[in-house]
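The values are calculated or read from the model by the stated rules, or taken from the named source; none is laboratory data. All figures in this text were calculated on a predicted structure; none of them were measured in a lab. Cβ atoms come from the backbone with ideal geometry, glycine included; neighbour counts cover every protein chain shown. SASA here: full protein model, heavy atoms, side chains in, ligands and nucleic acids out. Shrake-Rupley method; radii C 1.70, N 1.55, O 1.52, S 1.80 Å.
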Amino acid sequence: MRYLQLCFWLLALSACSTHSPDIDVACEIDLQNNYILKWETTPRIEGDVQIYQSTDPENFNTQESPIATTSIQNGYIIIPESAQEYRHYFLLQFNNRYEYITGPRAERLKYIENFRDLGGYASKNGKQIRWGKIFRSGEFNTLTATSISRIKNMGIKTLIDFRDSEDVIKPSPELGLDNVINLPGAIHYRQNLRPRLEKEELHRGDANIFMQDLYVAMVSGSKRAFKSMFNQLLVEDNYPIVLSCVNGKDYTGFAVSLLLTVLDIPEETIMNDYLLSNRYFDKRRTSFDPKDCCDETQEALSLIQSADSRFLSYAREYIRQEYGSINDYLEEELGVTPDKKRQLKRLLLH
């Protein structure tokens, strides 16, 4: 009898539990520019999910009717693109109780590589990076009118450009940027790379060493650029901000890894974000055409154009060996003090 009573109370307490389910939400853009929203809940819950749409991820009008309602059990819904000049974000409301904001990680913008939003990444204490505040990208040299309009309508104010001086081409004034800040990484690795490729002197093993050396060189040789970046990230009026380099992969990838570390984003998430460049960077868009080169040179170039976990891991391990920890490097070499970390978290997390 006591056993049955105990079971009854355990079931009652479980039914009255105030613990929220774990909800994972993702948003993608398909080839027709429709939004595909997907979700999973743990444990599985019954009911409906209401979806609200906005061009401002900080403001959703939940007093109006949702743009769509569907069963939670469906696990996904397709939202047709209504205006290609605007980027949309979504508030998902599960059973009028649990809310989750999401947006597409990457944009389908013509003639710009690797453009993506850092929003939604969860920190170790459960906070998330705000959507629409900080972006990363390849260079902005040539854009279609639609892409220019879409970027302009995102309200981006500041472009922080890590390209070396020989690679810099000013972005179109039609983008309406308030600030274009060139912070050259000062490694000039592209000048040294091209002659070796043209002479077919670089093989795959050489390329791996070349890239690992490049990332270690950024640790010390690009300190001034990264220190200046953090100073600009502390200026609230600069937001939204996009961090950019030629392909949005190396200088930008390393810079973003440092920023995510400051925001207490887990190591696995930092690496996964870095590796997304392999999905959103088209290797065919290169200033060097390797088609007439030997197979070994083509393989070397393919590796150089990749985001390989070994490159970033090697640099971060080098920092730990030289400075004790990445946080010590951030504070001692880049001036990111505990107070500045708190300010950055206030600006970028919620």
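Couple of notes before you dig in:
- Residue selected from the range 160-176 under the condition part of a loop (DSSP other than H, G, I, E, B) and at pLDDT 85 or above, by the criterion most open to solvent (accessible area, probe 1.4 Å): Lys170
- Residues within the range 20-32 that are farther than 13 Å from Phe94 by Cα and open to solvent by 40 Å² or more (accessible area, probe 1.4 Å), tallied: 4
- Filtered by the rule that a residue be open to solvent by 30 Å² or more (accessible area, probe 1.4 Å) and touching a residue at least 40 places away in the same chain (Cβ under 8 Å), the range 48-59 gives Asp48, Gln50, Thr55, Asp56, Glu58.
- For the range 263-274, the criterion of being touching a residue at least 24 places away in the same chain (Cβ under 8 Å), buried (at least 19 other Cβ atoms within 10 Å of the Cβ) and closer than 30 Å to Glu198 by Cα is satisfied by at least one residue.
Yes or no, residue by residue, for (1) over 13 Å from Ile160 (Cβ atoms); (2) β-branched (Val, Ile, Thr); (3) modelled with pLDDT under 95:
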position	(1), (2), (3)
Tyr215	yes, no, no
Lys227	no, no, no
Asn231	no, no, no
Thr252	no, yes, no
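- Complete set of residues in the range 116-134 that are of a type in the set (Lys, Arg) and in a strand (DSSP E or B): Arg116
- Only listed residue being in a helix (DSSP H, G or I), over 17 Å from the mean Cα position of the chain (by Cα) and crowded, with 17+ Cβ neighbours inside 10 Å, chosen from Ala255, Ala225: Ala225
- Per the listing Ser325, Ser302, Ser309, the residue uniquely surrounded by fewer than 15 Cβ atoms within 10 Å (Cβ to Cβ), among the small types (Gly, Ala, Ser) and modelled with pLDDT under 95 is Ser302.
- Within the range 116-127, the set of residues being among the small types (Gly, Ala, Ser) and touching a residue at least 12 places away in the same chain (Cβ under 8 Å) comprises Gly119, Gly120, Ala122, Ser123.
- Positions within the range 65-115 being without any contact (Cβ under 8 Å) to a residue 60 or more places away in the chain, assigned to a strand (DSSP E or B) and surrounded by fewer than 18 Cβ atoms within 10 Å (Cβ to Cβ), in sequence order: Ala68, Thr69, Thr70, Ser71, Tyr76, Ile78, Ile79, Glu99
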